[in-house]
């Protein structure tokens, strides 16, 4: 049962087609508009936020409208509780149309906010976000294979290209929450 009054959504966000799975559990206010949710998803997953994105809610597309995007409904027109109205509802969030990163966003629970808690907050997750502009799922698979093999011909070049200290298996919830707080 959804509580009466202000609520928060506990969302599970997972990156499609990447194994092992890259996922996060994040709590957001239910009344935030989709542009803010997009920024939260970028920060939670580890994206830099300089690519376009859109929300696909059962075939209805929300995004940044404009001359080249007249097929989209303005993402400013919807809030989290509009597009994820109950437990178990989901949407697809696409980030970086060139690399084609698709994320499943699923409502795990809808709760009353905890007094004194600052939202958004990341509760859990696993695996590092792929580096920006690595070529989508195939490029990321290639990057991980090359970085794991010091004898590979491209190892040195891709080691220099990848973010310093990149570890595909790393996840740090404290770091995610620092990004969410703007620190």
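Note on the range 148-175: among residues that are touching a helix residue (DSSP H, G or I) at 6+ places or on another chain (Cβ under 6 Å) and assigned to a helix (DSSP H, G or I), the one that is farthest from residue 123 (Cα to Cα) is 155. Looking only at residues of the range 12-35 that are in contact with a helix residue (DSSP H, G or I) (Cβ under 8 Å, 6 or more places away or on another chain) and assigned to a strand (DSSP E or B), we find that the one that is farthest from residue 108 (Cα to Cα) is 33.
Just one of the listed residues (88, 59, 46, 66) is out of contact with any strand residue (DSSP E or B) (no Cβ under 6 Å at 6 or more places or on another chain) and over 21 Å from residue 15 (Cα atoms), and it is 66.
Cβ contacts < 6 Å: first residue under 14 Å from residue 167 (Cα atoms), restricted to the range 142-156; second residue assigned to a loop (DSSP other than H, G, I, E, B), any location; separation 6+ or different chain. Result? Listed by first residue and then by second, the contacts come to 143/134; 144/168; 146/152; 146/154.
Each reported figure results from applying straightforward, stated rules to the coordinates on display, with no laboratory input. Remember, it's a predicted structure, so these values are computed and weren't measured experimentally. Note that we place each Cβ from the backbone using ideal geometry, even for glycine, and neighbour counts take in every protein chain shown.
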